[in-house]
Structure formats: structure tokens, C-alpha cells
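S.K.: A single structure is presented below for examination.
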Amino acid sequence: MGASPRHTLSFTMRTLLLGPQRFQTTATTALRSLGVEGPVATINSGWEEREDQVGELDAALDHRAVHLRLHHRMLDVIDKDPAFSAHALAFRDRHDDLLAAYRLRLHHAIDGVYAVQRRSTSAPTFGGVDDAIDGVRAVDRWYLTQLRALYDDLAEVAPLDSSGVIGWHRGEIAAVLGRASALIMPGGNVGTLLRTLRLFAIEIPESLPVIAWSAGAMALTERVVLFHDYGPEGARETEVFDAGLGRVKGVVALPHARRRLRLEDKVRCSVLARRFLERHCVLLDDGTALDLEADGSLPAGARILGIDGAIHEVRPR
Amino acid sequence: MSANARRRAPGRLAINRLRERGELDAAVIERFIARHGSPIIEGERATFLFRGEADEVRVRHRVVGLPDPLPMRRVGGDLWAATTDLPQGSRVEYQLETRRGDHYERFNDPLNPRVAHSPVGSSSVCAAIGYSVPDWALPHAETRPGELFDEVIRSKALRRDQPIKLYLPARFTRAARYPLLIVHDGTDYLGYAAMKTVLDNLIHRLDVAPMIVAFVPPRDRLREYPNYAPHARFIARELVPLLTERFPLQDNAAGRTLMGSSFGGIASLSTAVRYPGVFGSLFLQSASLVFTDIGTEHGGGPAFDPVVKFVNRYRAKPSAPVDRIFMSCGTYEPLITPNRSMVPVFRSTGMTVKYVEARDGHNWEDWRDRLRDGLSWLHPGPQLFVYE
């Protein structure tokens, strides 16, 4: 994606991560707080076939939104470029196979963590919990390595540059982003959102202010982690899914944390925080508004999971 | 009658308080029934009522562990009653039976409007405290419906035209890949277990992956379902390839599930055993997994002979034709012991088995109520991906 010449002067990178907007709309205030004028681009491809149902979003953005319609564009690519589409579907099948193998390994690895954890309350485990968590981290690393290899294979057989349809869409997207004074990324299906971001090789200029929430916030991070403790099957193990855009550094974004995580289960939360030790697991609940530091890190006051399983706040630097 | 009145915690049972009043006239009985309805649920006790003249009145049910028939006693006037245990969460299907001289008559409880249907007729339903029809089994206006349509497949294996009903989920697109679920007794699952409504709701709520479902009815069920080679060949070698060619299916074993209840469970298992590696999962509900450890006296009658032969052979040399099995069974049905017994046998082969029980019987609403557990375990929906 081409960078906008309007944002090449000196700037402070602005990124605002918000809580979910369904029950408490803060996007309007956040947008006004940026103090920018003119059109704002949106990427709401996570809404999938509802991508064009933007009445409420338009109102929340003061009717300044220009929608990039990445999901619609992705369907257009599938329709008009059958060769690329076939490779992309084959990739998705392989990714599904990889996910299935990852889940199998993850399930057994994480069971091992909890088994040793339970024993640790009544008997010495000789650092067994930490070592078992390292085992889970190794499974996560293996998955991401294999996924990267799949992407490399795809890029080799179906480079994005080879598709005229994709190229045409990328030109349009670049033009819209070039005119935008901010980018808005709402929630939705984070898998679909990431797929469209990757398909059109979206790179957000650092100079372009971004407001994101829910799946949009997850997609801005370096590593997208999926979680849901209250599904019909009960708690499903937290999974690493993919790399995000990497604009937000050192963070695992946990939108809807209160609704989706058993925050009262300190053992479970502790394992989660320790598994992603090098990153802050940040809770993005209703009403949250985090104006990130210029380097993409969390501001003071952000609520994060500690390795003790409790909720803490990021201290001022 | 208020729900609170029917379901209040037990002190003395309402029927006993009524008995203690002495002689009962018609007006008192009418007021009592109007207030309490039937059956009366008090704590973990259920009292069945009947009004009418008869020599005997009995409650007929098939709950293993309770006397069947359960005799009712005359309370006074023309009111009859019988009280029994009914643990929390139970759901029991029953009928009443009267004897007048040599004449027996069975019918649904006239005082109970709650009825369940099946291919062999209807029954009254007694629901204990803690049981309710799952919300996802009821129609909802906001749910995007899938599409159901009829097909006829010319089957060489069965030497006939085989009708099926195909379900395509809402938002079906050829750009996606769908799991395939093949349902034995398919028409009955649609008619008596509300399976289209359930699929629509569970897919809409992201609990279950959007999937393509083939509902397959039998023609001669007792012949075709207990380990019948032509049936297995039809499913594995005709139906699966045909649907794979026509629809955007996940073209691997993990994407294919066979499902059935009772004899349909045996049809599912035996088909998978005959074609190992074709299917990744089985969804077995109250499967007729009857076996003998010695001899051939199984007590199920001639219809079960081929079932027992198949299950005995499988138990002698268990195999793992699929990776995962979801099993459910009602604790009040005779098949509970065979089902429990087969769990370790399946697990011993390395298959992953999830087994759930419910305080219910061998009936379609029990199977309906377990659909979310099974489908969301076998083919979980995209809930993990959606953060609105």
C-alpha cells in the first residue's frame, strides 16, 4: 500500500485502542480528539457480508467515513482471478490442517500445564509449571513457523503482484488511504479481517492516526491470540492465530475480556500471562480508551493481566 | 396455575394435603387440578393425576429403575394419583393406561398439554425442575435460515432411487469450504428433533460451523441399518463422492461426520468400520450398542441379532475408523449400560471420545437437546474468531 505524502512531515504516531462499541460508543469522541479534518477511511472487512451495513458506523464517525470494502474486494478477486483464488483456497485448506495439528498439540501441552499446576499446590514440582508453559510456548512457536512457511509457499506460487485484479484494488485502496486523515478499524471476524489485510498487503503509514476496537485492535498487534472461555463447549484454550500488522508493540489484545475470559480464575489467567510473558495481555473492555505511546506501547493506566493472574495497571514510565 | 405453585419446594405433597381433607367432591377436585395441573412437580417428586372411572389406572413409561407400569391409586371421587421420584433436570415421556373390565386403553395425559412426537405416535412429557427446552431449539425471527431442498440419488449399491434432503447454511458461498454431516433417519431428525431450526440457530449464534448436511431416510430400517454392506457402500462410495463433487466441501476425513440415533448409530458406526479413514467423526445418540459377553441371549429380539453380531465382533477386535466420537445417551433408557460400556472400548483404540448423559430416555427430544453439545464439539463455530 502506498504511503500518503500528506503524512511524511514530522508527526507523532497516534493509535487509539477502544473497548467494544456495541454498548458504549466512544469512537465519536476518540475521532474528535484526534483533531483531524477530512475523510476517515474504514476497514470493516471483519463484518464480512454485512460490510456495507454501515449506517451506525457512519453516524458514529460524523459521516466522514470512506469505506475500503476489503471483504467486497476479496470476493471480487475470488470471482475474477480464478488462478489466484485456487491457490488461496488451497492455502486455506493447508492452514486448516495446520490449525488442526496445532490444536491437538496445544490441547495436550496445556493439559500438562494444568496437571502440574494442580500438583504444585500439594507437592514440589521442581519448576515443572514454568517448564510446562515453556512447552506450550514451543508449540506456539512451531505453529507460527509452519504458518510462515505456508505463506512463503503461497507467495511463491501466487505472488500478489501477479494478479492484475489485486493490483487494481490496491491502487484504489492506496488512493483512498492517501486522502484519509485517519483510519478506523472496527471489530468482527478477526480471521477474515487479517485475510483481507494480507491479500491487499495493507501497510498503515505511521503518520496516519488509527482508531481501532475489538478485532480491529487485535489486528494492529504483532501477534493475534484467540480466546473464549464461555463458548458452548466451555473454556477453549487460548490459541495463537497469526501475526498482525505490528503497529502496536508488545501487546496481546484481549477485547471483551470480561465477557470472554474467566478473569476470576487466577490460575488460568496466570498461565495465560506467563505464556505470553514478553507481551502485556491488555484488557479492552467497554469504555476502555487507550491512547498509545508514540512507539506503539501501552500508556500508563492500561489494565493488564499479571503473572499472578490478577489485573494490574501499567505504571507510568 | 402458576409455575411457582407447581414447582414449589416440598413440604407435604399437595396430593397428600388433598387426601387429608377427607371426602372430595367434584368442585374440590376441579379446583385442585386447576391450581396444580398434571403432573405436579414438587422438589424432586412428580405426582401424576387422572380423572375418570376405571378399574385400574397406570402410568406407562420406559424409565429404567422405576416400576413400569406405575399404578395409580384412587384419591377420592374420580381422582387417581401416583407419585414418583423425578430428579432435577429429568424429562420423561409417558402415557396413561386404564383398565375397564378386560378393556385396556392407552392415551396421552388429558390433564397435561405438553406432548412430544415421534414416528410411532405422541407421548405426554413430564419435565422436572431444572429442565427447559433449549432456547436454540426454538425458532427465532432474527436467525438467518439455511436452505433445505430435496434430491433423489440413483444408488447402484441400494439398487433404487434414494431420496435425501440437503441443508445449505445461510450465507452459503462457493468461496468457503464446509464440513459435511450425514444424518441417518434424516427425515425424523428434521421432523421430531427440529434439526433445521437447531442448525439455523447454532450456526447463526456462531456455536457451530456452517455446514452442509445430508438427511438420509431409510427404506427398510431394520435391514439397512445394522451393518448392511449396500447401505455403507451407498454412503461412503456414492453419496460422499457425489456431494464432494457438487459442493465446496472440506475434502478430507476431518470434515466428514456420520450421525445417527438408536439403530442409526449402528448404521453410522458400521459404515465407518467398513470404510475406515473416510469419515473423521461419529455422532452417536443412544446407539443400539447391544452386545453379549457370552452366548447370544441379548433380550432384544430378532431385530437385534445383526446388531449384536456386529457389536460383539467389534468388541473382540476394536478398531479406530474415525478420530473422534461424540456419544450421548439417556440415563433412563435400557441402552445406557451398553453405551457406558462402549466408551472405554472406543477409547482403547486411541479415538477421542466425548460422552455425555442426560436424565432423559430413548426419544427424539432427548436427541434434539444434545445436538448443541455434539455439533459444537465436532465442528465448533467461528465464535473464537469473532470480536464485535
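S.K.: Which of the residues that make up segment A:7-47 are within 14 Å of chain B (Cβ to nearest Cβ) and in a helix (DSSP H, G or I)? Give the derivation first.
M.R.: Going through segment A:7-47, the residues within 14 Å of chain B (Cβ to nearest Cβ) turn out to be A:17-25, A:27, A:44-47.
A:ALA27, A:SER45, A:GLY46, A:TRP47, listed by residue number.
Okay, residues lined up against (1) under 18 Å from A:ARG198 (Cβ atoms); (2) within 14 Å of chain B (Cβ to nearest Cβ):
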position	(1), (2)
A:ASP81	yes, yes
A:SER85	yes, yes
A:ALA88	yes, yes
A:ALA100	no, yes
A:ALA109	no, no
A:VAL139	no, no
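Okay, residues lined up against (1) in contact with a Ser or Thr (Cβ under 8 Å, 6 or more places away or on another chain); (2) touching a residue at least 12 places away in the same chain (Cβ under 8 Å); (3) farther than 30 Å from A:GLU48 by Cβ; (4) more than 14 Å from every other protein chain (Cβ to nearest Cβ):
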| residue | (1), (2), (3), (4) |
| --- | --- |
| B:ALA157 | no, yes, yes, yes |
| B:PRO163 | no, yes, yes, yes |
| B:TYR167 | no, yes, no, yes |
| B:ARG219 | no, yes, yes, yes |
| B:ALA232 | yes, yes, yes, yes |
| B:ILE235 | yes, yes, yes, yes |
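S.K.: Taking B:ALA176, is it surrounded by 12 or more Cβ atoms within 10 Å (Cβ to Cβ) and under 23 Å from B:PRO226 (Cβ atoms)?
M.R.: On the way: surrounded by 12 or more Cβ atoms within 10 Å (Cβ to Cβ): yes; under 23 Å from B:PRO226 (Cβ atoms): no.
Judged against the criteria, B:ALA176 is not a match.
S.K.: Separate question: Which residues, taken from segment B:173-194, are more than 14 Å from chain A (Cβ to nearest Cβ), under 22 Å from B:GLN250 (Cα atoms) and among the hydrophobic types (A, V, I, L, M, F, W, C)?
M.R.: Taking segment B:173-194 as the starting set, the residues that turn out to be more than 14 Å from chain A (Cβ to nearest Cβ) are B:180-194.
From the residues that got through so far, the ones that are under 22 Å from B:GLN250 (Cα atoms) too are B:180-184, B:186.
Selection gives B:LEU180, B:LEU181, B:ILE182, B:VAL183.
S.K.: Right, next: So is A:ALA123 aliphatic (A, V, I, L, M), more than 30 Å from A:THR12 (Cβ to Cβ) and either modelled with pLDDT under 95 or touching a Ser or Thr at 6+ places or on another chain (Cβ under 7 Å) (or both) or not? Break it down into steps so the answer makes sense when it comes.
M.R.: On the way: aliphatic (A, V, I, L, M): yes; more than 30 Å from A:THR12 (Cβ to Cβ): yes; either modelled with pLDDT under 95 or touching a Ser or Thr at 6+ places or on another chain (Cβ under 7 Å) (or both): no.
No.
S.K.: For the structure I just gave you, tell me whether A:ASP96 is among the charged types (D, E, K, R), within 14 Å of chain B (Cβ to nearest Cβ) and over 19 Å from B:GLN250 (Cα atoms). Spell out the reasoning first.
M.R.: On the way: among the charged types (D, E, K, R): yes; within 14 Å of chain B (Cβ to nearest Cβ): yes; over 19 Å from B:GLN250 (Cα atoms): no.
No: the conditions fail for A:ASP96.
S.K.: Now for a separate question. Take the residues in segment A:209-243 that are surrounded by 24 or more Cβ atoms within 10 Å (Cβ to Cβ) and assigned to a loop (DSSP other than H, G, I, E, B), then tell me which one is nearest to the other protein chains (Cβ to nearest Cβ).
M.R.: Across segment A:209-243, the extreme among qualifying residues is A:SER214.
S.K.: Does segment B:241-254 contain at least one residue that is more than 14 Å from every other protein chain (Cβ to nearest Cβ) and crowded, with 24+ Cβ neighbours inside 10 Å?
M.R.: Within segment B:241-254, none of the residues are more than 14 Å from every other protein chain (Cβ to nearest Cβ) and crowded, with 24+ Cβ neighbours inside 10 Å.
S.K.: Tell me which residues, restricted to segment A:48-78, are under 22 Å from A:ALA289 (Cβ atoms) and either part of a helix (DSSP H, G or I) or touching an Asp or Glu at 6+ places or on another chain (Cβ under 7 Å) (or both).
M.R.: A:GLU56, A:LEU57, A:ASP58, A:ALA59, A:ALA60, A:ALA65
S.K.: B:ASP109 fails exactly one of the following numbered conditions: (1) at pLDDT below 95; (2) of a type outside the set (A, V, I, L, M, F, W, C); (3) within 24 Å of B:ASP366 (Cβ to Cβ). What is the number of that condition?
M.R.: Answer for B:ASP109: the failing condition is (1).
S.K.: Answer yes if at least one residue in segment B:259-272 is more than 14 Å from B:GLU224 (Cβ to Cβ), at pLDDT 95 or above and within 14 Å of another protein chain (Cβ to nearest Cβ), and no otherwise.
M.R.: no
S.K.: Any idea which of (1) in contact with an Asp or Glu (Cβ under 9 Å, 6 or more places away or on another chain); (2) surrounded by fewer than 18 Cβ atoms within 10 Å (Cβ to Cβ) is the one B:VAL63 doesn't satisfy?
M.R.: Of (1) in contact with an Asp or Glu (Cβ under 9 Å, 6 or more places away or on another chain); (2) surrounded by fewer than 18 Cβ atoms within 10 Å (Cβ to Cβ), only one is false for B:VAL63: (2).
S.K.: Here's something else I'd like to know. May I ask you to list the residues in segment A:244-264 that are out of contact with any Phe, Trp or Tyr (no Cβ under 8 Å at 6 or more places or on another chain) and either on the phi > 0 side of the Ramachandran plot or within 10 Å of chain B (Cβ to nearest Cβ) (or both)?
M.R.: A:GLY246, A:GLY250, A:ALA253
S.K.: Could you please give the count of residues in segment B:195-211 that are at positive phi and either β-branched (Val, Ile, Thr) or buried (at least 23 other Cβ atoms within 10 Å of the Cβ) (or both)? It would help to see each step written out before you state the result.
M.R.: Within segment B:195-211, the first condition is being at positive phi, and the residues that meet it are B:206.
From what is left, the residues that are either β-branched (Val, Ile, Thr) or buried (at least 23 other Cβ atoms within 10 Å of the Cβ) (or both) are none.
So the count comes out to 0.
S.K.: Of A:THR42, A:THR8, A:THR28, which residue is surrounded by 22 or more Cβ atoms within 10 Å (Cβ to Cβ) and either at pLDDT below 95 or hydroxyl-bearing (Ser, Thr, Tyr) (or both)? Walk me through how you get there before you give the answer.
M.R.: On the way: A:THR8 fails: surrounded by 22 or more Cβ atoms within 10 Å (Cβ to Cβ); A:THR28 fails: surrounded by 22 or more Cβ atoms within 10 Å (Cβ to Cβ).
That would be A:THR42, the only listed residue that is surrounded by 22 or more Cβ atoms within 10 Å (Cβ to Cβ) and either at pLDDT below 95 or hydroxyl-bearing (Ser, Thr, Tyr) (or both).
S.K.: For segment B:67-80, indicate whether the set of residues that are more than 18 Å from B:ALA127 (Cα to Cα), outside the structural domain of B:ARG359 (by TED's automatic domain parsing), aromatic (Phe, Trp, Tyr) and outside any strand (DSSP E or B) is non-empty.
M.R.: Taking every residue of segment B:67-80 in turn, none turns out to be more than 18 Å from B:ALA127 (Cα to Cα), outside the structural domain of B:ARG359 (by TED's automatic domain parsing), aromatic (Phe, Trp, Tyr) and outside any strand (DSSP E or B).
S.K.: Another question about this same structure. Could you list, in sequence order, all residues of segment B:335-388 that are β-branched (Val, Ile, Thr) and facing chain A (nearest Cβ under 10 Å)? I'd like the intermediate steps shown before the answer.
M.R.: Taking segment B:335-388 first, the residues β-branched (Val, Ile, Thr) are B:336-337, B:343, B:345, B:349, B:352-353, B:356, B:386.
B:THR352, B:VAL386, listed by residue number.
Here is a yes/no grid of residues against (1) in the same structural domain as A:VAL176 (by TED's automatic domain parsing); (2) modelled with pLDDT of 95 or more; (3) closer than 28 Å to B:PHE172 by Cβ; (4) buried (at least 16 other Cβ atoms within 10 Å of the Cβ):
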residue	(1), (2), (3), (4)
A:GLU56	yes, yes, yes, no
A:ASP62	yes, yes, no, no
A:ALA109	no, yes, no, yes
A:GLY128	no, yes, no, yes
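The values are calculated or read from the model by the stated rules, or taken from the named source; none is laboratory data. Quick caveat, the model's predicted, so the values are computed rather than measured. Don't worry about glycine lacking a Cβ; one is built from the backbone with ideal geometry, like all the others, and counts go over all protein chains shown.
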